[in-house]
Amino acid sequence: MEPTLVVIGISYRTAALAVRERFWMDEADRVRALTTLVRSEGVDEIVVFTSCNRTEFYVWTQNAAEAANSILRFLTRTYNLKLSDWSNFYRLVGEAAMTHIFRVAAALDTQVYGESEVIPSLTKAWYQAQKLGTTGCFLDGILGHSLDTANSVAKRIKGHNCIVSVARATVEQSQEFFPDLANRKILVIGAGRLAESIVREMRAAGANKIQITNRTSQRSNSMASKLQLETVPYEQRWTAMAETDVVVVATTARKAIVNPVDVAAVMRARAERPLAILDVGVPRNVEPAIRTMNCVYLADVDDFSETVRNRKPMGRELAEAEDSIRLDAASFNGKLMQERMVPTITALRERLQELCDQELSTLSDQFGPFTEDQSEAMRAYSTHIAQRISATIARQMNPASVEGAPEGLAESLSRMLGESRGLSCASGRAQKLQQ
């Protein structure tokens with residue numbers, strides 16, 4: 001067993017939206033995943049990152065196979081993962097995992113190339129893990145460096161017309177149906193940050209007839225006042241839709257809120273005028289069966305990538321960015337594995353396992369003999385305890401200053417394990433980035 005980074009995930013590259021949305025997690029879901037998995041076998045540190053493109057688990061582990069099995073069991077138990085679904089997930093280890101995280105942070109692995117929301121979303125996921133105590137110096141160092149790399153890549157391609165937000169992609173998708181948005185009636189369902197960004201982008205594109213509606217009138221009224229918009233009572237949304245050209249559905253609902261029955265009623269009142277519906281929700285807010293209806297054009301986030309697929313830097317700039325990330329990931333992975341703390345944590349776990357084995361031997365002498373199944377169960381439980389203790393200690397071993405001065409805990413462990421070398425590790429910066 002060797003300490004390493006593991007990435008397990010599902011993304012637009014491996015699964016369609018209909019599959020990905022089953023494993024999407026909101027903030028409360030991520031809290032449950034983090035607090036459950038950090039107590040699971042093989043998981044020393046963990047961050048869970050979700051977006052419209054992916055759900056991924058970033059794990060620092062002493063045993064990649066155990067960590068993968070713990071995540072598999074969690075997804076099976078919590079999200080009804082089936083054996084056939086597992087083929088949509090990928091598992092990356094070591095340098096490959098490091099390169100993947102760096103590419104994700106730099107928005108090189110997104111449906112909408114250069115997506116501007118990636119860094120804020122990744123920082124939020126990191127900060128959440130830090131608050132819950134599920135990440136330590138290893139993942140802190142990796143994620144901190146990934147954001148440095150992302151900023152470096154952003155500077156490299158600065159000036160190219162390729163940085164696209166989901167809000168901007170929504171506008172471009174609407175222009176596929178109605179090239180000139182001026183005087184087109186637009187209804188936005190939702191009043192969150194994404195809905196606000198979409199309204200701003202729509203206006204920048206020339207739209208001047210925008211209405212908003214939301215299940216919670218207080219939020220829609222607040223947004224309408226801020227952006228000087230007309231509001232529609234939520235119970236009157238279907239009437240408003242009958243008079244609209246473009247409907248943008250941008251809510252955090254966990255299930256579809258627009259269905260074929262209601263849209264059919266809307267279309268009967270439109271005299272066959274075409275209607276474009278843009279679903280930016282993950283999970284989807286609009287039932288996909290609506291695609292088959294006459295004069296209704298439905299697009300979701302998987303369709304947006306086709307609209308902006310040519311918005312990439314020139315081949316040379318993209319190749320340079322990819323090469324830079326690969327070299328940086330290889331270098332950082334090598335440095336991380338040479339950290340003086342790595343062998344100390346490994347030695348700590350081995351020493352704890354030795355102590356557990358000694359106690360099991362004493363227990364067997366006093367109360368045995370035990371059956372083979374009983375002995376195996378006790379051995380597994382003692383191994384789990386050793387892993388939990390070493391992982392908990394490792395997550396606390398952050399440097400006391402930015403210069404990397406080790407904490408007393410790390411020094412004490414070195415002396416206890418007979419190590420003469422000091423300990424150091426990279427420190428996290430998520431709290432600073434959130435401010």
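Being farther than 30 Å from residue 136 by Cα, modelled with pLDDT under 90 and open to solvent by less than 20 Å² (accessible area, probe 1.4 Å): is that true of residue 308 here?
Answer is yes for this residue.
Only one of 106, 64 is buried (at least 16 other Cβ atoms within 10 Å of the Cβ), touching a residue at least 60 places away in the same chain (Cβ under 8 Å) and either farther than 30 Å from residue 195 by Cα or among the basic types (Lys, Arg) (or both); which?
The unique qualifying residue is 64.
With part of a loop (DSSP other than H, G, I, E, B), modelled with pLDDT under 95 and at negative phi as the only criterion, which of 140, 109, 148 stands out? Spell out the reasoning first.
Numbers: 140 fails: part of a loop (DSSP other than H, G, I, E, B); 148 fails: part of a loop (DSSP other than H, G, I, E, B).
Criteria check complete, one pass: 109.
Suppose we filter 276, 256, 271, 224 for residues that are modelled with pLDDT of 95 or more and among the small types (Gly, Ala, Ser); which single one remains? Steps first, please.
Details: 256 fails: modelled with pLDDT of 95 or more; 271 fails: modelled with pLDDT of 95 or more; 224 fails: modelled with pLDDT of 95 or more.
None of the others qualify; the one that does is 276.
Given (1) charged (D, E, K, R); (2) open to solvent by 40 Å² or more (accessible area, probe 1.4 Å); (3) closer than 26 Å to residue 336 by Cβ; (4) more than 17 Å from the chain's Cα centre (by Cα), where does residue 77 come up short, assuming only one miss?
(3)
The values are calculated or read from the model by the stated rules, or taken from the named source; none is laboratory data. The model shown is predicted, which means the values in this text are computed figures rather than measured ones. So basically every Cβ, Gly included, is an ideal-geometry build from the backbone, and we count neighbours across all protein chains shown. In case anyone asks, the SASA skips ligands and DNA or RNA and just uses the protein heavy atoms, side chains included. Shrake-Rupley method; radii C 1.70, N 1.55, O 1.52, S 1.80 Å.
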